[in-house]
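Chemist: Here it is, the structure, as structure tokens.
The values are calculated or read from the model by the stated rules, or taken from the named source; none is laboratory data. Treat the numbers as computed from the prediction; the structure is a model and nothing was measured. No Cβ is skipped: glycine too gets one built from the backbone with ideal geometry, and neighbour counts run over all protein chains shown. All accessible areas refer to the heavy atoms of the entire protein, side chains included, with ligands and DNA or RNA removed. Shrake-Rupley method; radii C 1.70, N 1.55, O 1.52, S 1.80 Å.
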Amino acid sequence: MSDSFLEKEQEILGECERLLVEAPALISTEAYRKLTTDYARLLKNLSRLIRISDRNEHRLQTVSQELEVEKHKLEGVADQLAKYLPRQIYDSIFSGDQSIEIKTKRKLLTVFFSDIQGFTHISSVIQPEILTHYINAYFSEMSDIAAKYGGTIDKFIGDAMMVFFGDPDSRGPKEDALACVRMAYEMQQRLSELHIQWEREGLQHPFITRIGINTGYCNVGNFGSHSRMAYTILGGEVNLAARIESKCEPGGILISHETYAQVKDYVEVVERDLLELKGISLPVKTYSIVKVSDTNRSHKSELRLNLAGLDKIVIKPAGLSMPERLGLVARLRDMANTLEGIQSHD
Amino acid sequence: MEKFDIAATARTPHMSFDPDTGSFLLEGESYPEDTKKFYDAPLSSVYEFLDTELTLSAVFSFKLKYFNSSSAKVLMDLFVAVEESAQRGNLFKIEWHCAADDDNMQELGEEFAEELDKTEFAMVAF
């Protein structure tokens, strides 16, 4: 409150001071009475203002406490809601980075699909309560690994799991793809450990999963209606990841050529036959993951081929001199030419 | 003496005055950034009105939900000026509106009414 609020009071004080200095003898009973009246009013106003101030402070404290309780309640609800949303999406929404509107964008993502082999059969032979316990334990373990690598868990579809990398946060296509492959590799390793533990507990049907991974441009964002929407991804590349997963050997990880191109320096793979996939017009080149390395292994990578009609070729370029490499290339080219010249018996 | 009608904002109340009918209204919440600046100009018209000899009975209505200390000082000064005008023979009624469960605002009204002798004061619950 500025002094200008006390203009009248200042006038009274000024008048008193002036009388005292200029003509103290002229201070009459009337002037003294007026001063007393004004002073009494001033005192009363001061007393009211103090009470108002105290009341406001008390009210502020009450409102603040109520807000704290509401905030606590809201946080509890938000925590519960968070379990139904990908953590990254939840964080983006609550930090205000993500708007709640039907809007999508195209982004380069690495998409992961997994499912449990023979799950329909497993669910028919295990008691529902036991199945619920183990499927929840399975998803919890897999979700923790996905969170560790920064994957956005899109959804659980029955026994299947869909995760993507590259949105809402991306560390670049290569890093996103590598994080996805590393996550998949750790999931399979962890599942092997869980098999032993769960078998000991009496579970007779282990959860063996197939994993398919693809990298490509997808539509990502909110899909649905204005009243109910889901933050998810759509597009041919998503379907391709799902199709690749269906062709993966149980317990394995199958990746597309596009994903392989991003991670090739860090993985040991077996190239698979070209796959004819439902809904995909051209045959698809895929690779089975054998091993994932923490460090760049491009200088010591082995080139493995495991195709129909080919028993085994493992090329170990490390340690070869350039003339030796060129000699090997020439020999392989000869083999390819010979193969082209052989008439098909079909 | 100018008629005015100032719309409410998040921090300031709705304030209206019509010298022809002698009605003054202050409604809402009052904690302006600059209280003096907000109230000075419009209230100068009201003070001018209070200094005149009135031919009608004026009604000043207050429907406040919250006000800060500096707004309280403005209100106290206004109540004093109304009472002084009433003591000069003008007819005034102050209506202090407050929610039935708002004890705080009711007590404030009662305290302000302590200044009033010649002015009619009515507590109106809503």
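Chemist: Run the numbers on region B:4-125 and let me know its relative contact order in percent, using alpha-carbon pairs under 8 Å that are six or more apart.
Modeler: RCO, region B:4-125: 22 percent.
Chemist: Looking at chain A, identify the longest residue range that excludes and avoids all GluC sites (Glu not before Pro) in DSSP loops having at most 12 other Cβ atoms within 10 Å.
Modeler: After excluding every exposed loop site, the longest remaining stretch is A:102-275.
Chemist: Here's a follow-up. Can you give the Rg to Rh ratio for the protein assembly as shown, taking only C-alpha atoms and Rh from Kirkwood?
Modeler: 1.35
Chemist: Hand me the trypsin sites (Lys or Arg not before Pro) from region B:27-64 located in a DSSP loop with no more than 16 other Cβ atoms within 10 Å, in residue order please.
Modeler: Loop-located and lightly packed - none at all.
Chemist: With the cut-off at 22 Å, tell me which of the pairs A:Lys174/A:Lys278; B:Lys3/B:Lys93; A:Lys71/A:Lys105 have Cα atoms farther apart than that.
Modeler: Correct reply: A:Lys174/A:Lys278; A:Lys71/A:Lys105.
Chemist: Another one. Report, in debye and to the nearest 20, how large the dipole of chain A comes out about its Cα centre when Lys and Arg carry +1 and Asp and Glu carry -1 on their Cβ.
Modeler: Dipole of chain A, to the nearest 20 debye: 540 debye.
Chemist: Probe radius 1.4 Å, ligands and nucleic acids ignored: give me the carbon and sulfur share of the accessible area of the protein assembly as shown as a rounded percent.
Modeler: Ligands and nucleic acids excluded, carbon and sulfur reach 54 percent.
Chemist: To continue, here is another question. Can you sort B:His14, A:His257, A:His133, B:His97 by solvent-accessible area, 1.4 Å probe, largest first?
Modeler: A:His133, A:His257, B:His14, B:His97
Chemist: How long are the three semi-axes of the equivalent ellipsoid of region B:4-125, in whole Å, if each is the root of 5 times an eigenvalue of the C-alpha gyration tensor, listed from largest down?
Modeler: After diagonalising the Cα gyration tensor, the semi-axes are 21, 18, 13 Å.
Chemist: Now for a different question. For B:Ser44, what accessible surface area do you get with a 1.4 Å probe? Give it in Å², rounded to 10.
Modeler: B:Ser44 exposes around 60 Å² with every protein chain in place.
Chemist: For A:Lys291, which lysines qualify as cross-link partners when the Cα separation must be under 16 Å and same-chain residues fewer than eight apart are set aside?
Modeler: Excluding near neighbours in sequence, the set is A:Lys264, A:Lys300, A:Lys316.
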